[in-house]
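This report refers to the structure that appears directly beneath it.
The values are calculated or read from the model by the stated rules, or taken from the named source; none is laboratory data. All values reported here derive from a predicted model rather than from experimental measurement. Cβ sites come from the backbone with ideal geometry, for glycine too, and all protein chains shown count toward neighbours.
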Amino acid sequence: MAELNDIALVTQVAVFHNKEAFDQLVRKYQSPVRRFFLNQTLGDEPLSDDLAQETFIKAYVNITKFRGLSSFSTWLFRIAYNVHYDYRRKQSAELATTIDGEQAGRAAANAQSYTLNSSLKMDLYKALSLLKDEERTCITLQLIDGQPIDKISDITGIPQNTVKSHLKRGKEKLASYLKENGYDR
């Protein structure tokens, strides 16, 4: 039923440029998309908000390209995944060309801002930071967002067996970190 409602809203936006219908989609998915970005950015709220906003802008601009081959949420999370991937790629390129004291200072300030959260959040983000990007994406999509393996594969474009491998390795790393830090009970 929810998928049917999403399709109706998408149709309203695509055909009639109904901004209220798009607002309903944003209200429905803004928390899950923002949570996805919070986990990918290890708690950087301003960056997560910026990436979420970019995701919804891209979704609005490209809504006529939605074909209904997957659910709207899968399509939207695929956009979010691509937005984050593009951001990471851009950051890597910038880091490779200009590493200086100012950037190191900003990185340290960002790291300190993470520590302002509760200790559990700090431990979670620290544990997530130990994972490779693909592992973190698969772990957060499954364990935090409740996505099944086939949806994770659709969102990321990673084959299902590779998703399973990322999940297995990521869970092992998380379990090891948490056990080492007193969460073995």
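Tell me yes or no: at least one residue of the stretch 37-49 is out of contact with any Leu (no Cβ under 6 Å at 6 or more places or on another chain), aromatic (Phe, Trp, Tyr) and either on the phi < 0 side of the Ramachandran plot or touching a residue at least 60 places away in the same chain (Cβ under 8 Å) (or both). No, every residue in the stretch 37-49 fails to be out of contact with any Leu (no Cβ under 6 Å at 6 or more places or on another chain), aromatic (Phe, Trp, Tyr) and either on the phi < 0 side of the Ramachandran plot or touching a residue at least 60 places away in the same chain (Cβ under 8 Å) (or both).
Answer yes or no as to whether Ile158 is assigned by TED's automatic domain parsing to the domain that holds Pro32, more than 14 Å from Leu42 (Cβ to Cβ), at pLDDT 90 or above and β-branched (Val, Ile, Thr).
Values: assigned by TED's automatic domain parsing to the domain that holds Pro32: no; more than 14 Å from Leu42 (Cβ to Cβ): yes; at pLDDT 90 or above: yes; β-branched (Val, Ile, Thr): yes.
When the stated conditions are applied, Ile158 does not pass them.
Under the condition of being of a type outside the set (S, T, N, Q), surrounded by fewer than 16 Cβ atoms within 10 Å (Cβ to Cβ) and assigned to a loop (DSSP other than H, G, I, E, B), the residues counted in the stretch 57-90 number 3.
Please tell me if Asp49 is in a helix (DSSP H, G or I), modelled with pLDDT of 95 or more and farther than 23 Å from Gly146 by Cβ.
So Asp49 does not fit the description; no.
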